[in-house]
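The values are calculated or read from the model by the stated rules, or taken from the named source; none is laboratory data. Because the structure is predicted, anything quoted here is derived from the model rather than measured. Neighbour counts are summed over all protein chains in view; Cβ atoms, including those assigned to glycine, are modelled from backbone coordinates with ideal geometry. These area figures cover heavy atoms from the full protein model, side chains too; ligands, DNA and RNA do not enter into them. Shrake-Rupley method; radii C 1.70, N 1.55, O 1.52, S 1.80 Å.
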Amino acid sequence: MILRRIRNRRCAGCVVSSAIISGILHEARTLVWEISLLGGSHEVCSVIVQPSRPCRKGGDCVSIGLNLPEAPDSDHKLGPRPNLELKNSHPEESKWESWRRSFANRLAFSDSVVVIAVVVGVQVAWVSLGSEAEFSLPAAGEGRINYLLVSLVIVGLWLAMLWMTGSRNSRVIGSGWLEYRIIADSGIKLFAGFATLAFLLNLNLARGYLLLIFPIGIMALLVERWVWRRWLHRRRRNGQHCRRVLLMGSPASVEHIAQELGRQQWAGYKVVGVCLSRTQVGIKTEIAGIPVVGDFSTARVAMKRIAADTVIVTSSDDLDPRRVKELSWELEQDKYSLIMAPSLTDVSGPRIHSRPVSGLPLLHVETPQYTGLRMVMKRSFDVVGSLSIIAGLALPMLIIALLVKATSPGPLLYRSRRIGQRGEPFDMLKFRSMRVGADRELQALLEAQGTAEEPLFKVQNDPRITSIGRFLRKYSLDELPQLFNVLVGSMSLIGPRPQVAAEVALYTDAHHRRLIMRPGVTGLWQVSGRSELEWEQAVRLDLYYIENWSLTGDIGILFRTFKAVVFPGGSAH
């Protein structure tokens, strides 16, 4: 037996954080693990920590080593020993960190261009470059200040607020509404603060100058960030600009998280490896097509080997709070990111609030509310929105009605019996797009394509559709009469997909939650794939909408619907 030192003269008196010692011991254990992977025996290995010489700073230096067996002969070698020295210099910057900094700089540049263009443009259009504004101060008396100086102050303060509020933080950009909300809040607060300052200084600025700069500037910044987000999503779907993720947890939870992240590639998390408990490593070599690269004790080495930069920890009995804390200490040495994934899905950000209690990061999840002021707001939005759309599309609807009557025999409108809120049936109106008697042919067509037992009654390449009906259904124009259903209160502009009684009869208990709200003319199912969606995907989208409803979300879905109607793609038929 020999002693191989892997750490010399590490001063206990100089160590400020116990993370250093923890990391050293962890690397010692890791060396034992790697030796076992290379074919050596680790059953008789042990970690030795012993005092060395005194330290000039008053502490005792330590030597940390491994008691390892000698190789039995020259033909049996353990291979080169990895370099486990802890360096004082910063680790090499990961590709993610490099890209994050580069993208933040791009956003800063484009934000500056937008703000400067808006402020200078409004000044030129409203007051001209050389104009001056009067001010009056009790101590300094009256005076004049050039509008160009005022514009420079606004630009500087605006860009400073965008930086201080974290609008370019990697945790904000790319997904969710938080990025847009920060930009809007920054502009509104700056407008309020500048208007107050102008009042206190008796600064006589042109009213249109301030009233135009901030609304136009906020809208321009939102559009700019939206364009950047679209560009980023396209790149991430191609595997670029993504965090390389190592998942840690039980096989079931790891598989669930991997599938969710794979389904939403635009979020920027690319799973490249999995770590399981030591008892599971020998049993499973991959999960959901992702290789198992080690156990919980070798996570840091595994991350280096697969070039990961982020760890996502899911639920596992072997990952107790102490081990997770030690893991965070180990990861901080190389500036890796640690993310905790609770066993909670399909909950939007506004419903989640974090509150630390006695060192425990408790997540508060608000329960959905389907009564009171929120529903009054939704109903008001439905009435105003449907009236506005009917008024704007009255002429196109008249033309469609004439085409339907002229191209095929039968009634103008088709009344489809659907199940609405709380299970109440109602007649849903549509422009007729199928031949008369199409309902009687449905069962035979479903049996022919083998989907008669599925709750989503969709016929591929439906032969019942008329010539004009195919065009109407592609662009969802046949659904325009449903706006009158919205007016009378049997439907909503945005909501779950309205289904027939035969589909509802196949519901499970969870599926019945779709009946809590009024069915919608459009919804998440409409803007997320339409006819290409599987049944479970459509249900999940509807339930997500119901549990996370918000007025801003409805407005967003409505705008996405206009895009889906104008550019329907292959999913519409």
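Think of the stretch 205-351 as having a plus end and a minus end, set by charges on the Cβ of Lys, Arg, Asp and Glu; of W231, I283, A307, W231 sits farthest toward the positive end of this dipole.
The dipole here belongs to the stretch 379-429: it is taken about the Cα centre, uses +1 on the Cβ of Lys and Arg and -1 on the Cβ of Asp and Glu, and is about 120 debye. Ranked by the mean number of other Cβ atoms within 10 Å of their residues, highest first, the peptides 514-521, 285-292, 169-176, 212-219 come out as 514-521, 212-219, 169-176, 285-292. Taking one quarter of the surface of the C-alpha convex hull of the stretch 373-566 gives a mean projected area of 10.5 nm². With the simple model of a label 7 Å out from the Cα in the direction of the Cβ, A505 to R322 spans 5.9 nm. Ranked by the mean number of other Cβ atoms within 10 Å of their residues, highest first, the peptides 248-259, 327-338, 186-197, 490-501 come out as 490-501, 248-259, 327-338, 186-197.
On the beta carbon distance between E332 and E132, with R0 = 56 Å, the FRET formula returns roughly 0.55. Projecting label points 7 angstrom from Cα along Cα→Cβ for R422 and N204 puts them 6.3 nm apart. Stretching S98 away from M397 to a fully extended chain increases their span by 102.3 nm, per 0.36 nm per residue minus the current alpha-carbon distance.
Within the stretch 95-237, the ratio Rg/Rh, alpha carbon atoms throughout and Rh by Kirkwood, equals 1.06.
Going by the alpha-carbon gyration tensor, a ≥ b ≥ c the square roots of its eigenvalues, is the stretch 242-345 rounded (a/c under 1.5) or, if a/c is not under 1.5, prolate (a/b greater than b/c) versus oblate? Here the stretch 242-345 falls in the rounded category. With the simple spin-label model, which puts each label point 7 Å out from Cα in the Cβ direction, the V384 to V223 separation comes to 2.3 nm. Solvent-accessible surface of the stretch 242-345, averaged per residue with a 1.4 angstrom probe and all protein chains in place: 46 square angstrom.
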